[in-house]
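The values are calculated or read from the model by the stated rules, or taken from the named source; none is laboratory data. Since this is a predicted model, take the numbers as computed values, not measurements. Heads up, the Cβs are rebuilt from the backbone with ideal geometry, glycines too, and the neighbour counts pull from every protein chain shown.
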């Protein structure tokens, strides 16, 4: 498979993983080591929303804890038992469970794999223009500008 192919159907596990593990600047990029994303929506030419098959190795996290201003997100657990961390605390998830994160609430969220087994899940998010994200636990903010995330310190100074 190459990036130019558009598919009708395929085995999700055979989709090519992203080559770049994270867009975060250091020291944050290394914190998502052990995360693998297979961008499924792109393979079908979807432009209104994205779908990823994501795998977390033991000890890995899905992202830094974050909240989007404009983009809704949804996850569905396929395998494993990750911890969902939100502003309300921690919740143990299991296969078949799902969670949604409404844009604009400011409720920071992410998944953490504290088990000895892999976690896999589907993540779905819209591609609203003009989005931004806040990271309540870190000195980081992000703005989605011309199709790319631009990261800065919370005071606006660039990384």
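Among the residues of segment 21-47, just one is surrounded by fewer than 12 Cβ atoms within 10 Å (Cβ to Cβ) and touching a helix residue (DSSP H, G or I) at 6+ places or on another chain (Cβ under 9 Å), namely 47.
Among the strands (runs of 3 or more DSSP E) contained in segment 61-158, which hold 1 or more residues that are loosely packed, with under 15 Cβ neighbours inside 10 Å? Explain how you work it out, then say what you get.
Working: elements: 73-79, 83-86, 89-92, 98-101, 109-112, 119-126, 132-134, 141-145, 148-152.
In segment 61-158, 73-79, 89-92, 98-101, 141-145, 148-152 are the strands (runs of 3 or more DSSP E) which contain 1 or more residues that are loosely packed, with under 15 Cβ neighbours inside 10 Å.
Selection of first residues in segment 95-108 that are within 14 Å of residue 73 (Cβ to Cβ) and of second residues that are exposed (fewer than 13 other Cβ atoms within 10 Å of the Cβ), restricted to Cβ pairs under 9 Å at least 6 apart or on distinct chains, gives the following pairs, ordered by first then second residue: 99/91; 105/87; 106/87; 107/87; 107/88; 108/87; 108/137.
Just for segment 27-53: of the residues that are part of a loop (DSSP other than H, G, I, E, B) and in contact (Cβ under 8 Å) with a residue 12 or more places away in the chain, which one is nearest to residue 149 (Cα to Cα)?
Looking only at segment 27-53, we keep the residues that are part of a loop (DSSP other than H, G, I, E, B), and these are 27-28, 33-34, 40, 45-48.
This time we only want the ones that are in contact (Cβ under 8 Å) with a residue 12 or more places away in the chain, so: 28, 33-34, 40, 45, 47-48.
Working: 28: 14, 33: 19, 34: 21, 40: 20, 45: 20, 47: 17, 48: 17 Å.
Per the criteria, the residue is 28.
Yes or no, residue by residue, for (1) more than 21 Å from residue 51 (Cβ to Cβ); (2) under 16 Å from the mean Cα position of the chain (by Cα); (3) at pLDDT 95 or above:
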{"residue": "84", "(1), (2), (3)": "no, yes, yes"}
{"residue": "92", "(1), (2), (3)": "yes, no, yes"}
{"residue": "97", "(1), (2), (3)": "no, no, yes"}
{"residue": "100", "(1), (2), (3)": "no, yes, yes"}
{"residue": "142", "(1), (2), (3)": "no, yes, yes"}
{"residue": "145", "(1), (2), (3)": "yes, no, no"}
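For segment 1-20, the candidate set comprises residues that are at pLDDT 90 or above and in contact with a helix residue (DSSP H, G or I) (Cβ under 8 Å, 6 or more places away or on another chain); within that set, the residue that is farthest from residue 138 (Cα to Cα) is 10.
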